[in-house]
Amino acid sequence: DYGMRAVKAVLSAAGNLKLKFPNEVEDILLLRSINDVNRPKFLSHDIPLFEGILSDLFPGIEQPTPDYDVFIKSAETICEQKNLQLTESFTEKLIQTYEMMIVRH
């Protein structure tokens, strides 16, 4: 899915990240924006292929891991109140949805 809408979403996300982190290396910001926009769309068996493509496009660039401790603790509290289990896959989807909302809104 790389129509003009997807390209615009990646560029908008990269621009927002540049405004938020003006001193960060632009390659890392672009890599993160591509990840944030596209990863939630993929099924689990497509992710290794996507990661391989990104490692070919951005050789040697490691994306810093964002700190989601406060977000995860809030999710744990809410899940406990709602009598839900916060599994690893559920946590990952919550973070992906959060990142997608940040990118698109």
Any idea which residue in segment 76-105 is surrounded by the most Cβ atoms within 10 Å (Cβ to Cβ), counting only those that are charged (D, E, K, R) and within 13 Å of the chain's Cα centre (by Cα)? Glu99
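Report the residue count in segment 54-70 for those that are in a helix (DSSP H, G or I) and open to solvent by less than 70 Å² (accessible area, probe 1.4 Å).
Taking segment 54-70 first, the residues in a helix (DSSP H, G or I) are 54-57, 69-70.
This time we only want the ones that are open to solvent by less than 70 Å² (accessible area, probe 1.4 Å), so: 54-55.
Residues meeting the conditions: 2.
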Test each condition in (1) open to solvent by 90 Å² or more (accessible area, probe 1.4 Å); (2) modelled with pLDDT under 95 for Lys73 and report the one that comes out false. (2)
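Can you name the residue in segment 19-36 that is out of contact with any Lys or Arg (no Cβ under 8 Å at 6 or more places or on another chain) and hydrophobic (A, V, I, L, M, F, W, C) and is also most open to solvent (accessible area, probe 1.4 Å) among such residues? Write out each step before concluding.
So in segment 19-36, the residues out of contact with any Lys or Arg (no Cβ under 8 Å at 6 or more places or on another chain) come out as 19-23, 25, 27-28, 30-36.
Subsequent filtering for residues that are hydrophobic (A, V, I, L, M, F, W, C) retains 19, 21, 25, 28, 30-31, 34.
Values: Leu19: 143, Phe21: 81, Val25: 82, Ile28: 33, Leu30: 60, Leu31: 12, Ile34: 22 Å².
If we take residues in segment 19-36 being out of contact with any Lys or Arg (no Cβ under 8 Å at 6 or more places or on another chain) and hydrophobic (A, V, I, L, M, F, W, C), then Leu19 is most open to solvent (accessible area, probe 1.4 Å).
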Sort out which residues of segment 41-52 are within 16 Å of Gln63 (Cβ to Cβ) and either acidic (Asp, Glu) or buried (at least 16 other Cβ atoms within 10 Å of the Cβ) (or both), and write them in order of number. Glu51
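Just one of Ala14, Ala6 is at pLDDT 90 or above, open to solvent by less than 30 Å² (accessible area, probe 1.4 Å) and among the hydrophobic types (A, V, I, L, M, F, W, C); which is it?
Numbers: Ala6 fails: at pLDDT 90 or above.
None of the others qualify; the one that does is Ala14.
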What is the residue count in segment 7-25 for residues that are in contact with a helix residue (DSSP H, G or I) (Cβ under 7 Å, 6 or more places away or on another chain) and either among the charged types (D, E, K, R) or closer than 16 Å to Pro40 by Cβ (or both)? 4
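The values are calculated or read from the model by the stated rules, or taken from the named source; none is laboratory data. Here the structure is a predicted model, which is why all the values come from computation and not from measurement. Don't worry about glycine lacking a Cβ; one is built from the backbone with ideal geometry, like all the others, and counts go over all protein chains shown. Just so you know, the surface numbers come from the protein's heavy atoms only, side chains and all, with ligands and any DNA or RNA stripped out. Shrake-Rupley method; radii C 1.70, N 1.55, O 1.52, S 1.80 Å.
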